[in-house]
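Quick note: the coordinates plus some simple rules give every number you see, no bench work behind them. Quick caveat: nothing in here was measured; it's all calculated off a predicted structure. FYI the Cβ positions are ideal-geometry reconstructions off the backbone, even for glycines, and counts take in every protein chain you see.
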Amino acid sequence: MIIMGIDPGLASTGVGVIAGDGKGGFRALFSAYVTTHERHPMPERLQKIFDLVSRTIADHEPTAISIESIFFAKNVRSSVMMAHGRGAAILAASQSRVALSEYTPLEIKKSVVGKGHATKDQVKQMVTTLLALRTAPRSDHEADALAAALCHAYRTRLVIPGGTATDRGHAEKESRTGDAGVEARKAILALAAARGSRRRRRRNP
């Protein structure tokens with residue numbers, strides 16, 4: 001299974017592609033993002049987003065695409081601008097005829113981090129850990145796109161990184177509420193935070 005995630009927006013859109021690693025987890029195949037400037041004409045900005053999504057689909061041939069659903073911020077203009085970029089991404093995805101799934105920001109964070117109100121740094125940290133990346137994604141948009149792909153993977157395959165058959169059995173039970181593996185990922189986040197704290201203490205005795 002190859003899954004592509006999209007973090008949509010008009011000012012910036014991120015994409016990320018993951019695949020099974022053969023050990024019950026996933027590895028990153030590709031991630032990128034594109035930015036557009038408000039001084040440029042709207043058609044030009046939407047074309048850049050459309051081209052990035054289309055090119056990524058053509059290059060990696062995903063079997064599923066996951067995109068963050070729109071949220072309505074207090075600033076109505078921000079919501080409308082995001083909707084423009086999301087529309088361009090959805091159009092590119094629909095032309096590929098690959099199945100498209102949508103998840104709210106809360107669902108993505110909860111699936112990947114273990115809590116729906118995780119910070120951007122926590123999402124980036126978990127994506128780096130779960131995909132065994134040597135370095136963290138360059139931007140929040142790439143991290144969020146990879147997180148969207150991971151969310152779809154966990155929701156549809158019930159994969160727990162490093163999990164045992166018993167863990168997977170618990171995950172199947174938890175999946176009724178869409179929270180498969182949440183506790184496992186909370187534990188991973190806590191362990192990563194503890195390691196980071198120890199490293200900081202060693203650097204600053």
Selection count where residues are in contact (Cβ under 8 Å) with a residue 24 or more places away in the chain, within 17 Å of Val17 (Cβ to Cβ) and either surrounded by 14 or more Cβ atoms within 10 Å (Cβ to Cβ) or touching a helix residue (DSSP H, G or I) at 6+ places or on another chain (Cβ under 7 Å) (or both), scope the range 128-147
12
Contacts under 8 angstrom Cβ, first residue in the range 102-126 being within 14 Å of Tyr154 (Cα to Cα) and in contact (Cβ under 8 Å) with a residue 60 or more places away in the chain, partner hydroxyl-bearing (Ser, Thr, Tyr) and surrounded by fewer than 23 Cβ atoms within 10 Å (Cβ to Cβ), 6 or more apart
Ser111/Tyr103
Top-ranked residue of the range 22-65 - restricted to ones that are closer than 18 Å to Ser139 by Cβ and polar (S, T, N, Q), ranked as surrounded by the fewest Cβ atoms within 10 Å (Cβ to Cβ)
Thr35
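Would you kindly identify the strands (runs of 3 or more DSSP E) lying entirely within the range 22-132 that contain at least 2 residues that are under 15 Å from Met4 (Cα atoms) and of a type in the set (A, V, I, L, M)? First the steps, then the outcome.
Values: elements: 26-35, 64-68, 100-103.
Counting at least 2 such residues, we get 26-35, 64-68.
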